[in-house]
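Working notes for the structure below.
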Amino acid sequence: MIVECDHCSALVDAEILKSYSITDHVAPTLLISFARCPRCQSPFIASQEEDFGPNEWQLPTLMYPQQSTGLSKNLPVPIVTAFDEAIRCMRSKAYTAAAIMCRKTLEGICAAHNAESRNLAQSLKVLRDNETIDRRLFEWAEELRLFGNEAAHDVNVTITASDAQDIVDFTRALIEYVFTFRDRFESFKQRRESKNQRNA
């Protein structure tokens, strides 16, 4: 069973220690496996849906440990959900889907800042005009939007692994700037102003 070990930062062929299946005669049979990493002995619990026949299973989904996006837990839920799905698409090598989910993440960023307009292009301009993002970040967001549009609407477009990774990385940078560093910088300025006033 091939899974990604966060501790080893690698895909590993996990050693299955125990498995059992769940069948309810409505949903596909589900195989639950307890396994461990052959390198570092870290434990895994994974689920797999039955594929086309008995004893044939789809790719595993990790139930434990939950793989983190590395983002703050204080972010709006729709943004975390969309970006988490983009990360899972990358791990599954579904690069076009990853680009689409990054575009959805952009929509979530706009919504969280009350910048919803008639389309995403206009919403991003609102973020730029109200200085939520600067000109350079606006350029990044525009490129991400265009990639997302092509991935979603042009059947002839194929997103490569390297392009998908860049899209995910730039999306993460936008999230961190808008929701983390921007707020931290404002707090930093306020502390400095308070300190200067006390020392005046």
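Please treat every number below as a calculation from the coordinates, not as lab data. Since the model is a prediction, treat every value here as computed from it, not as a measurement. Every residue, glycine as well, gets a Cβ built from its backbone with ideal geometry; the counts of neighbours run over all protein chains shown.
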Next on the checklist: Please give the charge dipole size of segment 1-151, origin at the Cα centre, charges +1 on K and R Cβ atoms and -1 on D and E Cβ atoms. Round to the nearest 20 debye.
Outcome noted: 360
Item to check | Estimated distance in nm for a label pair at THR160 and ARG192, the labels positioned 7 Å out from Cα along Cα-to-Cβ | outcome: 4.1
Checklist entry - So which aspartates and glutamates pass the test for LYS195, namely a Cα distance under 19 Å, with those fewer than 8 places away in the same chain ruled out? => result ASP183, GLU186
Checklist entry - Between ASP51 and residues 5 or more places away or on another chain, which pairs have amide H atoms under 5 Å apart, with H built 1.01 Å from N, and which residues are they? => result GLU56, TRP57, GLN58
Checklist entry - Counting other Cβ atoms within 10 Å, which GluC sites (Glu not before Pro) in segment 116-146 have at most 12 and lie in a DSSP loop? => result GLU131
Checklist entry - Which cross-chain or sequence-distant (5 or more) residues have an amide H under 5 Å from the amide H of SER117, H modelled 1.01 Å from N in plane? => result SER123
Next on the checklist: Taking the beta-carbon count within 10 Å as an exposure proxy, list ARG118, ARG191 from fewest neighbours to most.
Outcome noted: ARG118, ARG191
Next on the checklist: Please arrange THR160, THR132 by how many other C-beta atoms lie within 10 Å of their C-beta, fewest to most.
Outcome noted: THR160, THR132
Checklist outcome for this item: With the charge dipole of the chain built from beta-carbon charges (+1 for Lys and Arg, -1 for Asp and Glu) about the Cα centre, the Cα from PHE188, LEU59, TYR177 projecting farthest to the positive end belongs to PHE188
